[in-house]
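Read through the structure below, which is laid out as structure tokens, and then see the notes.
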Amino acid sequence: MISFFGGGNMASAMIAGLLARGHAAREISVIEIDQAACARLSDRFGVTATQHADDALNAQLIVLAVKPQQLETLAQSLSGRLSSQLIFSIAAGIPTAALSRWLGGYRNIVRAMPNTPAQIQAGLTGLYALPEVSDAGRQAAEALAGAIGEVVWVAHEAQIDAITALSGSGPAYVFYFLEAMQEAAQRLGFDAALARKIAQQTFVGASRLAQASDEDPASLRARVTSKGGTTERAIAHLEAAGVKATFIEAIAAAKARAVELGQS
């Protein structure tokens, strides 16, 4: 049995992924304070969705999918009511030390950082488990996260901040470059629909090629960059503008902000 506290986009993505993998709807429950949201979840997925939390404590796996600012109140309401359930938190920026404290010292906790492509089961989720989590608990956490895409474990919780900067925020970086490429296509005379298709398929095709190849990105880029050609001119322009260095610095800034949010 899996219970979700919160029925927003990420919880919905996880539920959809679990059902797609053959998990029975009757084994999933959602606790959601919004009555209309409960009705939508029940209609869409066939799961039990309720405003009452008592039954959720019977689950072996409890997913905390509420907003970070709501987590302390929720965790305190669960304090003293847990026995051996695995707590799986997707609340961004909330360290396990704080969550454990709010739960009255409970330590069977996995912290997760998914990203938005989880909505189409193409996400990447970073996972960190406290030492008290058993091998079975880690397997359960990986199975849940695996329902929405790829999974990576980190050995140190501080690395979750790096996952946040790289992968959690990463889709926005891709959309940013897609936006720029689409705008460039329109300036070159293509209408918006065709510009979007050109930009998107170029990203999709290049990403698939990178996944299928054993070569690193620099080698793949070199294969496209003929001496004296159009690609070389474009790359030289980007390098002169410091785009790569600025992009690396931007990811470092995102990581620093993730640390700040966790500390606050």
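Structure notes:
- Computed E for Q70/T202 - FRET, C-beta separation, R0 41 angstrom, nearest 0.05: 0.55
- Cross-link reach is defined here as a Cα-Cα straight distance under 18 Å, omitting same-chain residues fewer than 8 places apart; for K67 the aspartates and glutamates meeting it are E32, D34, D161, E260.
- Cα-based shape type of the chain, given that a ≥ b ≥ c are square roots of the gyration tensor eigenvalues and the cut on a/c is 1.5: prolate
- Ligands, DNA and RNA excluded, the heavy atoms of Y106 present near 30 Å² of accessible surface to a 1.4 Å solvent probe.
- Degrees separating the helix 243-263 axis from the principal Cα axis of the chain, which is the longest one: 10 degrees
- Summed residue charge, Cβ within 14 Å of P95's Cβ, Lys/Arg positive, Asp/Glu negative: -1
- Positive contributions from Lys and Arg (+1) and negative ones from Asp and Glu (-1), summed over other residues with Cβ under 11 Å from the Cβ of R40, come out at -2.
- Charge dipole magnitude, Cβ of K and R +1, D and E -1 - the chain, Cα centre, debye nearest 20: 380 debye
- Only one residue of S79, A258, A245 has its Cα farthest out toward the positive end of the dipole of the chain, where Lys and Arg carry +1 and Asp and Glu -1 on Cβ, and that residue is A245.
- Sites D216 and A36 - FRET efficiency at Förster radius 41 Å, r taken between beta-carbons, to 0.05: 0.25
- Against the main long axis of the alpha-carbon atoms of the chain, helix 230-240 sits at an angle near 70°.
- Accessible area of the chain belonging to carbon and sulfur atoms, whole % at 1.4 Å probe: 54 percent
- Gyration tensor verdict on the range 92-150 (Cα atoms; rounded if a/c is under 1.5, prolate if a/b is larger than b/c, oblate otherwise): oblate
- Prolate/oblate/rounded label for the range 44-187 (Cα gyration tensor, a/c 1.5): prolate
- Helix 9-20 axis, angle to the chain major axis (alpha carbon atoms, nearest 10°): 80 degrees
The values are calculated or read from the model by the stated rules, or taken from the named source; none is laboratory data. None of the values given here were measured: they were computed from a predicted structure. As a convention, Cβ positions derive from the backbone with ideal geometry for all residues, glycine included, and neighbour counts pool all protein chains shown. The protein model used for the area step is the full one, side chains on, heavy atoms only, and it has no ligands, DNA or RNA in it. Shrake-Rupley method; radii C 1.70, N 1.55, O 1.52, S 1.80 Å.
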